[in-house]
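Derivation of every value follows stated rules applied to the coordinates shown; laboratory data play no part. Remember, it's a predicted structure, so these values are computed and weren't measured experimentally. Neighbour counts run over all protein chains shown; Cβ positions are idealised from the backbone, glycine included.
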Protein chains: 2
Amino acid sequence: MNPNLPIGIFDSGVGGLTVYRALHEHLPKERFVYLGDTARVPYGTKSLATVERYAVENAQFLAARGIKLLVVACNTASALALPAIRKSLNLDVVGVIGPGARAAVAAESTQETRTGRPRSQHPPASQRRIGVIATESTVQSGAYTAAINKADPEAEVIERACPLFVPLAEEGWADQDVARTVAETYLRDLRSRIDTLVLGCTHYPILKEVIQESVGKEVKLIDSGAATAVEVKALLKEKGLARLTPGTGALERHLCDDLDHFYVTDAAERFARVAERFLGSKPARLEAVEVWGHDELKNSLPLPLGV
Amino acid sequence: MNPNLPIGIFDSGVGGLTVYRALHEHLPKERFVYLGDTARVPYGTKSLATVERYAVENAQFLAARGIKLLVVACNTASALALPAIRKSLNLDVVGVIGPGARAAVAAESTQETRTGRPRSQHPPASQRRIGVIATESTVQSGAYTAAINKADPEAEVIERACPLFVPLAEEGWADQDVARTVAETYLRDLRSRIDTLVLGCTHYPILKEVIQESVGKEVKLIDSGAATAVEVKALLKEKGLARLTPGTGALERHLCDDLDHFYVTDAAERFARVAERFLGSKPARLEAVEVWGHDELKNSLPLPLGV
């Protein structure tokens, strides 16, 4: 595997840009290829079979482009489709659920909590509570509860679906009264019932401030995207896949092109507009593609970046 | 064409049930086959090419089932894809934009307006203003403005996208403070600027009360779905396609089965749950199907209802 290949990231749409941003911050030397499945967004209200099919198509599209590692930025796809994706690819695949869950457990065991007592003087582990907010499908899958309990079998997990957070973030209303009212409605009863809250959907970091206000400032928020970036960094090092110092050959110059590439399956203009809210600027290289019926289309696609 | 065949209705998801309800109320003797494309919902943020492709696939699926007329309940599909659908079918196709636009113009020319003056003493036609609220894609298409100006070239039309109304209606928060705040944010500046407001998305009738509060009670709200039902009733009469008194043969008994049939492309359970909020009860006959790759699938599909 050429360590100068880019890292592939896919999401159901624009939300995964929060994961891209975290990866970019933690791994400034790496290059990324991002796919947003905007023709079929959102995944969070769709079934296991449908999310699996969409996710595998996205994964194969990116793999055909030449990537060294795949990050599934979408929480719903990570919760429902990781086994199907791994079966379909000969690549390391990292989802956001495991890293988010592990970061929540790590935070629970080290932080001082809202009562001000250090963790050692705390109620027994069996009384610890971690909140998770996510899409309907992610909550229904129970994937976060399973992943948290794998890391800490005693932790009690409260999962809650917050469907309006996604359109609120995309509308750009993160700091408006509407966002505050919605967050209060979803979250007010979690106040004083949890020490840690996992933001289990890529859009939610955009609403971090109103979410923090609603659950109380003592609650530690975990951004699964940021937790994923930390684990990806460690994995690249472990596998010897971190990007090398640029060479001078033609291939190297191609591979060391510093612009990340963004693909969407529909409505590139809308993606660019919303992306600006998520990243602070519009993606420089953005292209609309089809990812379904991949086998027949393969020949008409642009050459894999790594070739 | 057998007048005892059902009327086909498709929508991007559950929202078209408000159109189904209106059709059912205006045409209690008719039977309906409804398709909700829940695997690819929503359409309102997607591009022309994508909405066309999805709409044609849905239309062909229903046509293969045996219907006498197709109603495109989805405003976005009506705005973007009617020509493509008509080209692909040998059937009468009715969208919701034309009926909604004509109903708005008719209301403008007959009603007394918020100033209390009858229309005859009103400002000249060129100063009349009709508001339209709809999805992003419907607004971008300008289809409502075109249809309204076809019926009244002097009318001034103000279109506005209200993306959060759909998830609000699906979440069941129509009568909550959140809905009131969202409606105020979108609509408060339309108050005193319009006499009539078209609800240009199937979900919006669910939010009728908060919308009315936000624009003021003098503004006449037009439900495109209800307007469509009135036009469909007239069309069936004109074409001699109204359903006949049930016969007694086996075919007639089959055709006169009084249960309407609902298909979804994904997540039937979620559809049933949200449908209850829209209809008051869960659909009795609900089935998940695939509508894409229709040609290859045709043989494996259930027999058309009309055979």
> Sequence-distant or interchain residues sharing an amide H contact under 5 Å with residue A:35, placed H: which?
Replying inline: A:9, A:10, A:11, A:263
> In square nanometres, what is the average projected area of the Cα convex hull of chain B?
Replying inline: 15.8
> Hey, which lysines would be in cross-link range of residue A:217, C-alpha to C-alpha under 26 Å, not counting anything within fewer than 8 residues on its own chain?
Replying inline: A:208
>> For chain A, set up a GNM with springs between Cα atoms under 10 Å and report which of A:15, A:240, A:280 has the largest fluctuation.
In response: A:280
>> Give me, ordered by chain and number, the residues 5 or more places off residue A:130 or on other chains with an amide H under 5 Å from its own placed amide H.
In response: A:156, A:157, A:158
> Taking the Cα centre of the range B:12-88 as the origin and placing charges on Cβ (Lys, Arg +1; Asp, Glu -1), which of B:61, B:22, B:47 is farthest toward the positive end of the dipole?
Replying inline: B:61
> Among residues other than residue A:288 whose Cβ falls under 10 Å from its Cβ, what is the net charge (Lys/Arg +1, Asp/Glu -1)?
Replying inline: -4
> Pairing the Cα long axis of helix B:75-88 with the longest principal axis of chain B, what angle in degrees results, from 0 to 90 and rounded to the nearest 10?
Replying inline: 40
> For the Cα atoms of chain A, what angle does the longest principal axis make with the long axis of helix A:97-110, in degrees from 0 to 90, nearest 10?
Replying inline: 40
> Residues of B:177-185, mean number of Cβ from any other protein chain within 10 Å of their own Cβ, rounded to a whole number?
Replying inline: 5
>> How far, in nm to one decimal, is residue B:209 from itself in the other copies if the label point is set 7 angstrom along Cα toward Cβ? Shortest first, please.
In response: 3.3
>> I want the antiparallel fraction of DSSP beta bridges within the range B:1-72, as a percent rounded to 5.
In response: 0
> About the Cα centre of chain A, what is the dipole size in debye to 20, counting +1 per Lys and Arg Cβ and -1 per Asp and Glu Cβ, all else neutral?
Replying inline: 620
> With the contact rule set at Cα under 8 Å and sequence spacing of 6 or more, what percent relative contact order holds for chain B?
Replying inline: 26
> Quick one: net charge of residue A:69's neighbours, Cβ under 15 Å, K/R +1, D/E -1?
Replying inline: +4
> In the range A:1-64, what is the volume of the convex hull around the alpha carbon atoms, normalised per residue and reported in Å³?
Replying inline: 90
>> Sort A:285, B:128, B:21 by Cβ crowding within 10 Å, fewest neighbours at the top.
In response: A:285, B:21, B:128
>> If amide hydrogens are placed 1.01 Å from N in the peptide plane, which non-local residues have theirs closer than 5 Å to the one on residue A:289?
In response: A:264, A:265, A:266
> With contacts defined as alpha carbon pairs under 8 Å and 6 or more residues apart, what's the relative contact order of the range A:28-86 in percent?
Replying inline: 44
>> Using each residue's phi in the range B:41-52, evaluate 6.51 cos²θ - 1.76 cosθ + 1.60 at θ = phi - 60° and report the 3J(HN,Hα) Karplus result to the nearest Hz, with x for Gly and Pro.
In response: 4, x, 8, x, 10, 9, 7, 3, 4, 5, 4, 4
> For the protein assembly as shown, what does -39500 (n - 2.57) per DSSP helix run (n ≥ 4), summed and divided by total residues, give at 222 nm, in deg cm²/dmol to the nearest 500?
Replying inline: -13000 deg cm²/dmol
